[in-house]
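Take a look at the structure set out below.
The values are calculated or read from the model by the stated rules, or taken from the named source; none is laboratory data. For clarity, every value in this text was computed on a predicted model and none was experimentally measured. Cβ sites come from the backbone with ideal geometry, for glycine too, and all protein chains shown count toward neighbours.
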Amino acid sequence: MTVAGAFLGGASGRLLPASVPLRFFGAAVVYHALGWLVLAIAPGNGLAFRGGLGWPLAALHLFTLGVLGMTALGAAAQLLPVATRQAPVGARALAWIWGLYTPGVAVLALGMGLAMPPLLAIGGTAVAVALATWATLVATNLRRARGMPGVCTHAWSALLSLCVLLASALLLAAGWLGWAVPGRQLTLPLHLLFAPFGFMGLLALGLSYLLVPMFALSQPPHEGTQLASCACIVAALLLAALAVFGVMPAVARALAWTLGSTGVLLHLHLMRRALATGMRKELGRSFLLVKLAWGALLVTLVLGGLLWAGMDLPRAEAAFGLALLAWLLTFVFGMLQRILPFLAALHAAAGKRRGPTASALTHDKALKAHFCCHVTAFAGLALAIALDAEWLARPAAAIGFAGALAFGAFHLHLLRKLRAAGV
């Protein structure tokens, strides 16, 4: 049986109320626009950012916590019950998490942008409590898992990475408040490792084993290879952490990069095979974004390897950060334009002989505009970094903002169609 068949076969007992995932995805759409807007109009030279509080850091967290984190919370809450063959986690608890997490991200970003550590600490505490509560709900679901061990192992690894992420984030916030905490030279690298590669990265890779075969109508990828890929990436994270703590740093870095690259290549091999063997060959613009995201992931590996090898390349750190953000954001929006109509169609069809199809709920012109703007924005930012041209970065961010508005139009169109269908 294909993954799509397994999903549809148990959909009636595993769907959250439509308002739960849609509010997470809707907030992600709003924070996406805010992130690009901050990059486009905020004072200061974003290309010169090398750490510390300010609007570039605020924009980064609007993208990571506001878009990637918000999407992860909503998608995992709905999709992991499918993978584990369990009833979904509590809708009321998820609504409470959303009510705490959403303003928490806004307050955190504002505190960073205005360089106000007390405001940052208030927002950061709200975000940390919401994430910890969400992790508890997901762990409860995973403990009863009865299927898809590869997806579940990635999810468990992402939750453990989330613990490191939260601990390092709280220590960084405490340092900005002037408290005596362990050195920033330890907490910041750990945060930069376990946030994008550990929590968000492992969750994205794990859910891909559910989403890609589901939309391509292919068999689930080989479980043993899924587990081998996850093991390589987790081992790479642990070795990288040892390097941060000064334990055989040269050897640990080399092994970390080798194992991490091996894990990613195994994952991409499974994804290529799922697409090649799937019954649905034409996956459209959404999967073109997904393929571009995989390309950005490979660029991230190359640039990360060069940086870890100690090569002194001009603006390599900025290029690495951009490639990392391009990987995760492009993957998320490629998948969201598939997930949103798919889930909406399932809800609209509930209790009816025939409901609207996913394609009927999609605003193709808006998605086409988003695609063009998204790709142009990242290409413009890459060129701005290569030329060290701040004047080019702001128009590129403005184009990204236009793309975010187009994706927002797609989301609003879908909500109107759902309301017309009585959902």
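Quick one: which residue in M248, M279 is on the phi > 0 side of the Ramachandran plot and among the aliphatic types (A, V, I, L, M)?
Values: M279 fails: on the phi > 0 side of the Ramachandran plot.
So the residue among M248, M279 that is on the phi > 0 side of the Ramachandran plot and among the aliphatic types (A, V, I, L, M) is M248.
Residues in the range 218-236 that are surrounded by fewer than 20 Cβ atoms within 10 Å (Cβ to Cβ) and in contact with a Pro (Cβ under 8 Å, 6 or more places away or on another chain): 3 in all.
Return a yes/no flag: does the range 142-159 have any residue that is touching a residue at least 24 places away in the same chain (Cβ under 8 Å) and of a type in the set (K, R). Scanning the range 142-159 turns up at least one residue that is touching a residue at least 24 places away in the same chain (Cβ under 8 Å) and of a type in the set (K, R). Scanning the range 237-251 turns up one or more residues that are surrounded by fewer than 21 Cβ atoms within 10 Å (Cβ to Cβ) and under 21 Å from G206 (Cα atoms).
Only one of the numbered conditions (1) without any contact (Cβ under 8 Å) to a residue 12 or more places away in the chain; (2) in contact with a Ser or Thr (Cβ under 9 Å, 6 or more places away or on another chain) is not met by L313, and that is (2). When the range 108-135 is examined, which residues are found to be among the polar types (S, T, N, Q) and within 19 Å of the chain's Cα centre (by Cα)? Across the range 108-135, the qualifying residue is only T133. State whether one or more residues within the range 174-185 are closer than 23 Å to G35 by Cα, at pLDDT below 95 and surrounded by 16 or more Cβ atoms within 10 Å (Cβ to Cβ). Among the residues of the range 174-185, at least one is closer than 23 Å to G35 by Cα, at pLDDT below 95 and surrounded by 16 or more Cβ atoms within 10 Å (Cβ to Cβ), which makes the answer yes.
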